[in-house]
Amino acid sequence: MRFFALALLFSLFLVNVASAHCQVPCGIFTDDLRFSLMNEHAETILKCMKQIDELAKADKPDFNQIVRWTTTKDYHADDIIDICSNYFLCQRIKAPADPKNAQEQAAYSNKLELLHRLMVTAMKCKQSTDVSLVDQLKAVIHDFAHAYSSEHKH
């Protein structure tokens, strides 16, 4: 019993260490990977939505598979939200050094707005199987990548 308790505590410690890595100021940033991951998550969300709709139309719906596809869809939407908040907002998007610089302030505000739209659209994907939301998600990912890359060289 002691071994089990020790193993459980150790595994919980590892989970916390692993999830905190991105907020350690290591200086290793892979912005392109984050954009690639967000696009991959969007594609997965689209596939999930289609599978859920197809399974729901069956004469005898397979509720187990519908739940599994829904869980997968929500997981990938959460990953997009996590990338937006824990990677971009916490680490990569910096407030302008000179808040009176209108051009820098406008660029900063634009990135914040795009990240917010991205997170809200990902949340809406969790609430629905409307595939048009994935089109919106991909468009906002594209717009944010463009706004972000104008200042950051990956």
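Please treat every number below as a calculation from the coordinates, not as lab data. Note that the structure is a prediction, hence the values are computed from the model and not measured. When we count neighbours, we look across all protein chains shown, and the Cβ atoms used for this are built from the backbone with ideal geometry, even at glycine.
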**Matching option when the condition is within 24 Å of residue 33 (Cβ to Cβ) and among the polar types (S, T, N, Q), among 105, 136** = 136
**Message:** All but one of (1) within 28 Å of residue 52 (Cα to Cα); (2) assigned to a helix (DSSP H, G or I); (3) out of contact with any Cys (no Cβ under 9 Å at 6 or more places or on another chain) hold for residue 110; state the number of the condition that does not hold.
**Reply:** (1)
**Request:** Only residues that are within 14 Å of residue 45 (Cβ to Cβ) and in contact (Cβ under 8 Å) with a residue 12 or more places away in the chain: list them for region 66-88, please.
**Result:** 69, 70, 72, 73, 74, 76, 77, 78, 79, 80, 81, 83
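How many of the residues making up region 99-112 are surrounded by 13 or more Cβ atoms within 10 Å (Cβ to Cβ) and of a type in the set (S, T, N, Q)?
Total meeting the criteria: 2.
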**Message:** Condition first: among the aliphatic types (A, V, I, L, M) and surrounded by 13 or more Cβ atoms within 10 Å (Cβ to Cβ). Now tell me which residues in region 84-98 satisfy that.
**Reply:** 89, 93
**Request:** Of the conditions (1) out of contact with any Phe, Trp or Tyr (no Cβ under 8 Å at 6 or more places or on another chain); (2) in contact (Cβ under 8 Å) with a residue 24 or more places away in the chain; (3) part of a helix (DSSP H, G or I); (4) surrounded by 14 or more Cβ atoms within 10 Å (Cβ to Cβ), residue 115 clears all except one; give me its number.
**Result:** (1)
**Fill in**
Scanning region 30-83 for residues that are farther than 13 Å from residue 129 by Cα and among the hydroxyl-bearing types (Ser, Thr, Tyr), the one surrounded by the most Cβ atoms within 10 Å (Cβ to Cβ) turns out to be 75
